[in-house]
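Comments concern the structure below.
Any read-out appearing in this document is the output of simple, stated calculations on the displayed coordinates, not a laboratory observation. Keep in mind the model is a prediction, meaning the values are calculated, not measured. Positions of Cβ are generated from backbone atoms using ideal geometry, with glycine treated the same way; all protein chains shown enter the neighbour counts.
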Amino acid sequence: MNALIWIVLPYACLAVFTAGHVWRWRHDQFGWTTHTSQLLENRLLRLGSPLFHLGAFGVIGGHAMGLLIPASWTAAVGVSEHTYHLVSVTGGTITGIMLVVGLALLIARRFVNGRIRRVTTTMDKILYAALAAMVVLGMSGTVVINLFGDGYDYRETIAVWFRGIFWFQPDPSLMSGAPLVFQLHAIGGFLFLALWPFTRLVHVWSAPLAYLWRPYVVYRGRRTPAPAPQPAPAAVRDTAQPTADADTHGQQAVTTRS
Ligand code: HEM
């Protein structure tokens, strides 16, 4: 049973995550979008979306730090266990609260606004429920166990098991003694990855980051009043001389990002 949960399940979920993205790309490129509903409602979205996304970036950074960096590495550069614990619990609690508030606003918006409710698909509902479950379990581990409780050193167990998956040497015995909340959270994390390609979360891989480095778009602004209207085409045909080039009408190049 242990091997099934801590070895077979993670690999099965990673396989679905990979194959699911290939399938989605091949079959639903037009649906590969955020499915934004900003035009239908913007008041709650304006607050909820940045809170949710900033919180998520923080939580992802925290997971990368806690799960991918071995405790021996942070110790080798002089970071004591106490300092690490302080930073992870403080950062995790702050970014987790942002995520919770942002998610709550995004979910509330789907309930209170009729137009948003009508464009909410079954897959959206499953995604919001999965996110809420993951956030509740994660926050229970961070706040209840690690901030106010006795604390649990997941870097010696969960993190080692997690990295083992990617070295093809996962050790299920490392997970059997973990608190139930962390066990459920870890299982939920992999199930969440399996769900990912079938939801609007695929937009993460198409974030328009190139926008930050793309060349400026050149616009032309008028320096002088607009030229007099040109004669009608028939009259132009009858005249011998072509009109002046557009660039000589006193236009000035300006650059901007739009
Ligand atoms: C297999 C994948 C995952 C593992 C092994 C994992 C493990 C952990 C651990 C050990 C903590 C406690 C951190 C601490 O106390 O400092 C935590 C917290 C948390 N996790 Fe995960 N997690 C996984 C996936 C996810 C996913 C997919 C989400 C969200 C969709 C998520 C959301 C959270 C949140 C909100 C917290 C509380 C805030 C924080 O400490 O960062 N986790 N997770």
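Consider only pairs whose beta carbons are under 8 Å apart and that are at least six residues apart or on different chains; among these, list those whose first residue lies in the stretch 73-99 and is touching a residue at least 40 places away in the same chain (Cβ under 8 Å) and farther than 21 Å from residue 57 by Cβ and whose second residue is within 9 Å of the ligand (Cβ to nearest atom) and in a helix (DSSP H, G or I). Between residues of the stretch 73-99 that are touching a residue at least 40 places away in the same chain (Cβ under 8 Å) and farther than 21 Å from residue 57 by Cβ and residues that are within 9 Å of the ligand (Cβ to nearest atom) and in a helix (DSSP H, G or I), the close pairs are 85/146. Residue check: residue 164 meets all listed conditions (1) crowded, with 17+ Cβ neighbours inside 10 Å; (2) in contact (Cβ under 8 Å) with a residue 12 or more places away in the chain; (3) farther than 30 Å from residue 106 by Cβ; (4) not β-branched (Val, Ile, Thr) but one, namely (2).
Could you tell me whether any residue of the stretch 129-148 is out of contact with any strand residue (DSSP E or B) (no Cβ under 6 Å at 6 or more places or on another chain), closer than 17 Å to residue 7 by Cα and without any contact (Cβ under 8 Å) to a residue 60 or more places away in the chain? No, the stretch 129-148 contains no residue that is out of contact with any strand residue (DSSP E or B) (no Cβ under 6 Å at 6 or more places or on another chain), closer than 17 Å to residue 7 by Cα and without any contact (Cβ under 8 Å) to a residue 60 or more places away in the chain.
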